[in-house]
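Since the structure comes first, as structure tokens, the remarks are kept for the end.
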Amino acid sequence: MAGLLRTAFQATRLRCQAHPTPLIPTHQRTYITRAHPTPIPTIPIQQALENLLSDMDERHNFRKLRWENNKENRVGQRAEYLAKNGKPSHPSPEDVKRDAESSDYRRMDETISLALQLNLDPRKPGQSLRGSLALPHGNGKKFAVAVFTDDPALAQQALDRGAVAAGGASLIEAIKNGTISVASIQRSIATPEMMPELAAVARLLGPRGLMPNPKLNTIQPKELLLDSLESQQSGISNYRTDKEGIVRIGIGKGSFGVDKLMDNVRELMNEIQESSRNILARGKRVAARGLRKAPSII
């Protein structure tokens, strides 16, 4: 019996040697299992940005070609709609046709965002990453900022510099009764003495992320309030981990080019690395405190 098994094994080995099974490269596999997972592509950041900008150019050319092919019909439909339903504030049908003939197709300046998987669990204490930074070239956006201060002269200066709303108790009351909608505010800054009064509208500002916070540098003394207003309007970038532990933040517009986007990415990565070090140090202190409090086992 043993001899028959040995003979069968030898015959099988000879067949395998005569007809070896070729190894299938990973990129040619058509099946996915736990033993053969799909490989995660790794691309350098600069190359990824170049590919992204190239895709933007292709989308723009496609939209421009589609606009040129359907330009006459679209302009005619727009002019016909304005002739029937146009209001005095709307352009006239003649203006629409004149603008379409004299102007080229406008390019959409797309926003580029970066998502970082940091393997953090925000539900655990000390693992919620949050902060703000000023990117070297900005993020290409302009924000509507509200200023909370009890100094009337400072509030007027803030309005002159572009704040959508500024004031003290009167502004808080206007937000509370709905005269000023929180939907018209994208960011807010305040002086330290206004924070106790802002508790009256915390339920309106908090869910939208509009509550001034020292971690975001949105609580500033009076002498620095106007400088903070300009930086917040020009696009200071706020970041925080979501419930999956991912940080998503805009790093600029497609019109920036690769070099400016890379400068913004470097500044962001340096900021995230510094914040991660602080989280790690805080976690070590918490762990050491827990060890000191742990009961000894005899």
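In the structure shown, the pairs 124/215; 141/222; 142/243; 64/142; 84/142 are assessed against 30 Å; a Cα-Cα span above that value is assigned to 84/142. For residue 87, the lysines whose Cα falls under 21 Å of its own Cα, not counting residues fewer than eight places away in the same chain, are 97. Once all protein chains are placed together, residue 81 keeps about 110 Å² accessible to a 1.4 angstrom probe. Average accessible surface for segment 97-238: 55 Å² per residue, computed with a 1.4 Å probe over protein heavy atoms with every protein chain in place. If R0 equals 30 Å, the separation of the Cβ atoms of residue 266 and residue 202 corresponds to a calculated FRET efficiency of about 0.25.
The values are calculated or read from the model by the stated rules, or taken from the named source; none is laboratory data. Quantities reported herein were computed from a predicted structural model and do not represent experimental measurements. Neighbour counts run over all protein chains shown; Cβ positions are idealised from the backbone, glycine included. Note: areas computed on protein heavy atoms with side chains; ligands, DNA, RNA excluded. Shrake-Rupley method; radii C 1.70, N 1.55, O 1.52, S 1.80 Å.
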